[in-house]
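In what follows, a structure is listed as structure tokens, so that the remarks can point back to it.
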Amino acid sequence: MTLFNNFFSSLNFSLCRHSREYHDTCVHLFLLVKKAQRIRVLRQNAGSCFSSTTRMHRGVEMERFADEADVVIVGGGPACLSAAIRLKQLANRHEKELRVCVVEKASQIGAHTLSGACLEATALNELIPDWKERGAPLNTPVTEDKFSILTEKYRIPVPILPGLPMNNHGNYLVRLGNFVRWLGEQAEELGVELYPGYAAAEVLFHEDGSVKGIATNDVGIGKDGSPKDVFERGMELHAKVTLFGEGCHGHLAKQLYKQFNLRENCEPQTYAIGLKELWVIDEKKWRPGRAEHSVGWPLNRNTYGGSFLYHLNEGEPLVALGFVVGLDYTNPYLSPFREFQRWKHHPSLMSTLEGGNRIAYGARALNEGGFQSIPKLTFPGGMLIGCSPGFMNVPKIKGTHTAMKSGMLAAETAFNRITDENLQSETAGLYIPEYEEALEKTWIWKELYAVRNIRPSFHNYFGLYGGMLYTGIFYWFLRGKEPWTLKHNGLDSAQLKPAKDCAPIEYPKPDGKISFDLLSSVALSGTNHEHDQLPHLTLKDDNGPEQRFCPAGVYEYVPLETGDGMRLQINAQNCVHCKTCDIKDLSQNINWVVPEGSGGPAYNGM
């Protein structure tokens with residue numbers, strides 16, 4: 001294996017002179033070798049230890065291997081990798097043996113990561129103070145900040161005063177996937193075991209009801225449920241404590257909310273969908289370090305949303321642009337993707353994009369509930385971290401720094417309990433309430449509490465303008481100290497009005513230069529799934545809006561063979577794992593679960 005590693009590493013390094021197709025082929029082979037290595041390590045560690053759980057696939061009965069770790073972390077994003085790094089930092093500092101395993105459904109660390117992103121470095125400074133010397137890919141400090149309200153033809157500048165959420169002085173414009181990949185490298189250097197390409201599909205429980213760990217999904221199962229020639233059972237990973245950081249609306253977190261009643265004392269989470277593209281533009285229009293944000297057109301005043309345009313300093317005239325739409329919108333004819341494409345035709349955007357080349361596209365859901373919607377974070381055997389419970393500062397449009405800090409706090413409290421020589425636990429899986437207590441004493445809690453009323457303040461007759469007025473008066477003067485807490489409107493899925501009560505929205509056809517169709521966009525995300533596998537999306541009834549709110553063309557109405565109607569076709573292979581369908585579906589008929597490991601988008605520095 002070492003020989004293969006050296007060969008493919010040197011080959012990959014020298015391929016800049018060769019064709020892109022040849023490069024991709026070799027990288028694919030390299031990843032297969034790495035995955036084979038990881039399988040071998042897991043099976044060696046598991047030895048002859050089997051779980052008691054068996055599964056029958058049409059006459060094929062196979063037991064699955066089980067392995068033990070001190071901490072298992074589900075997800076390979078900023079929160080999870082920060083937790084893993086902090087655990088190993090503490091273990092090395094105190095000379096303790098601690099096995100930490102991270103499982104990530106993407107084929108590579110960072111391949112499912114998508115964000116704006118304007119990064120606040122607070123947590124990074126705490127986690128890795130010498131990040132600059134270690135080569136962290138934070139290449140673009142914000143040098144210019146712009147905020148504006150858009151009308152159909154004009155841009156109205158709004159001053160950004162010090163202390164307001166949109167002030168980005170001291171922050172960095174980053175490609176978050178590259179940053180996450182770098183965090184993964186730091187984790188591996190410390191001895192963290194990373195297992196990309198393994199999807200955590202099931203939560204395991206001890207007999208006393210506490211969390212025991214997770215199981216990865218079985219692979220090689222056909223659409224009809226029968227095992228294929230490549231069938232292989234998933235593996236079980238058991239731990240003293242399991243950290244769940246799957247990102248927004250994680251499918252295991254949904255189960256844990258119900259199992260432990262974690263949302264009993266908080267409001268329902270509310271969400272948005274964010275769509276993003278990367279463009280290479282004319283160098284004469286490139287302003288590295290400029291961050292632009294806008295609200296208004298093409299959305300009406302009662303639809304929450306906004307946009308960003310970041311000029312990145314990545315060695316070429318690159319810009320990241322994106323559009324966010326709150327999923328509490330009411331008009332079923334609204335298409336977030338088409339609103340995004342229409343927004344790019346605003347004169348202030350076209351002047352930047354004309355003559356440029358779009359090179360990447362993606363989408364993801366994000367939590368917007370804030371302070372009011374944070375669930376209980378601890379339960380016997382596990383903890384919730386990062387964007388899974390939702391620590392995003394909505395008016396700042398930032399959640400990476402809070403996600404990282406939550407992972408660090410979870411790691412610190414878990415380490416203290418695991419290494420306690422006088423440890424006594426009432427359950428087999430450790431219950432660590434100290435995590436929640438520690439979080440409430442940090443800047444995360446203070447920061448989220450201060451902005452708690454900004455997002456729900458938009459639920460008024462004046463919508464956008466009422467919310468901006470509230471922010472300007474109460475946040476600017478009181479810094480969140482007003483003696484009340486506003487409520488959200490309830491579940492996003494319950495906000496859609498009947499189609500008969502709403503005006504259809506006529507969207508212009510894409511011109512293929514500034515705006516584009518859905519399928520050509522999905523092609524730029526690198527999305528790929530094994531075609532012959534069990535469906536990871538199920539739909540009980542057909543009710544229409546899913547064909548518009550999905551940013552990847554997964555749900556499509558096609559003519560019946562008889563020609564006398566339409567039927568809903570699910571193109572699961574298009575899925576970019578944004579989970580918007582699971583959130584926004586009116587009847588809550590759609591249940592998103594993980595497909596086979598390595599499936600989904602293949603973002604490159606999104």
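The values are calculated or read from the model by the stated rules, or taken from the named source; none is laboratory data. Model, not experiment: these values are computed from the prediction. Please note: Cβ atoms are built from the backbone with ideal geometry, for glycine as well, and neighbour counts cover all protein chains shown. When the accessible area is computed, the model is the full protein with side chains, heavy atoms only, and any ligands, DNA or RNA have been set aside. Shrake-Rupley method; radii C 1.70, N 1.55, O 1.52, S 1.80 Å.
Would you compute, for the Cα atoms of region 302-343, the largest minus smallest coordinate along each principal axis and list the three values in descending order, in whole Å?
Each principal axis gives a Cα extent; for region 302-343 these are 42, 15, 12 Å.
Using only the C-alpha atoms of the chain, find the volume of their convex hull and express it per residue in Å³.
So the per-residue hull volume is 173 Å³.
Going toward the positive end of the dipole of region 91-248, with +1 on Lys and Arg Cβ and -1 on Asp and Glu Cβ, which of VAL103, HIS206, ILE160 do you reach last?
Going by the charge dipole, the pick is ILE160.
Can you give the translational diffusion coefficient of region 312-470 in µm²/s, computed by Stokes-Einstein from the Kirkwood radius over Cα pairs at 20 °C and 1.002 mPa s?
Estimated diffusion coefficient is 112 µm²/s.
Determine the share of region 188-289's accessible area contributed by carbon and sulfur atoms, expressed in whole percent, with a 1.4 angstrom probe.
The computed percentage sits at 46.
If I take R0 = 22 Å and measure r between the Cβ atoms of GLN424 and GLU207 in this structure, what FRET efficiency does the formula 1/(1 + (r/R0)^6) give, to the nearest 0.05? Provide the component values of the computation, followed by the final result.
Details: r = 19 Å, r/R0 = 0.85.
Given R0 = 22 Å and the Cβ-Cβ separation, E is 0.75.
For the chain, what is the calculated [θ] at 222 nm in deg cm²/dmol (nearest 500), taking -39500 (n - 2.57) for each run of four or more DSSP H residues and dividing by its residue count?
After summing the helix terms and dividing by the residues of the chain, the value is -7500 deg cm²/dmol.
Return, ordered by residue number, the residues of region 495-514 whose backbone nitrogen is under 16 Å from a label point located 7 Å along Cα→Cβ of ASN300.
Only 495-507 fall inside the zone, counting backbone N under 16 Å.
For the pair THR485/TYR465, report the inter-label distance in nm, with labels modelled 7 Å from Cα in the Cβ direction.
3.2
Quick one: of LYS276/LYS509; LYS105/LYS579; LYS240/LYS579; LYS276/LYS398; LYS254/LYS579, which pairs are farther than 24 Å apart, Cα to Cα? Walk me through the numbers on the way to the answer.
Values: LYS276/LYS509 19 Å; LYS105/LYS579 14 Å; LYS240/LYS579 30 Å; LYS276/LYS398 15 Å; LYS254/LYS579 12 Å.
From LYS276/LYS509; LYS105/LYS579; LYS240/LYS579; LYS276/LYS398; LYS254/LYS579, over 24 Å: LYS240/LYS579.
Ranked from highest to lowest mean number of other Cβ atoms within 10 Å per residue, what is the order of the peptides 460-468, 104-112?
Numbers: 460-468: 15.9, 104-112: 25.4.
For the peptides 460-468, 104-112, the packing ranking is 104-112, 460-468.
Computed over the Cα atoms of region 369-410, what is the convex hull's projected area averaged over all directions, in nm²?
2.9
Could you state the number of Å between the C-alpha centres of region 364-428 and region 297-332?
Taking the Cα centre of region 364-428 as reference, the centre of region 297-332 is 28 Å away.
Rg and Dmax of region 554-596 over Cα atoms: what are they, in angstrom?
12.5, 36
Note down the magnitude of the dipole of the chain about its Cα centre, charges +1 on Lys and Arg C-beta and -1 on Asp and Glu C-beta and zero elsewhere, to the nearest 20 debye.
1360
What's the FRET efficiency of VAL230 with GLU63 using the Cβ-Cβ distance as r and R₀ = 22 Å, to the nearest 0.05?
It comes out at approximately 0.75.
Express the accessible area of region 120-205 per residue in Å², computed with a 1.4 Å probe while the remaining protein chains stay in the model.
Heavy-atom accessible area per residue stands at 45 Å².
Among ASN591, LEU278, THR143, whose Cα sits farthest toward the positive end of the charge dipole of the chain (+1 at Cβ of Lys/Arg, -1 at Cβ of Asp/Glu, about the Cα centre)?
In the chain, that residue is THR143.
Sorting check: for 275-282, 480-487, which peptide has the highest mean count of neighbouring beta carbons within 10 Å, and how do the rest follow?
Going from most to least packed, we get 275-282, 480-487.
So what are region 452-504's ellipsoid semi-axes, whole angstrom, largest first, if each one is the square root of 5 times an eigenvalue of the alpha-carbon gyration tensor?
Ellipsoid semi-axes (Å, largest first): 28, 13, 6.
Can you tell me the order of 447-454, 417-424 when each peptide is scored by its average per-residue count of other Cβ atoms within 10 angstrom, highest first?
447-454, 417-424
Going through the cross-link list LYS146/LYS344; LYS212/LYS441; LYS258/LYS500, which pairs have a Cα-Cα distance over 23 Å in this structure?
Details: LYS146/LYS344 17 Å; LYS212/LYS441 29 Å; LYS258/LYS500 35 Å.
Checking Cα-Cα distances, LYS212/LYS441; LYS258/LYS500 exceed 23 Å.
Just name one of ALA523, ASN313, LEU366: the one whose Cα is farthest towards the positive end of the charge dipole of the chain (beta-carbon charges, Lys/Arg +1, Asp/Glu -1).
The residue sitting farthest along the positive end of the dipole is ASN313.
Could you tell me the calculated FRET efficiency between TYR154 and ASP511, based on Cβ-Cβ distance and R0 = 35 angstrom, to the nearest 0.05?
0.95
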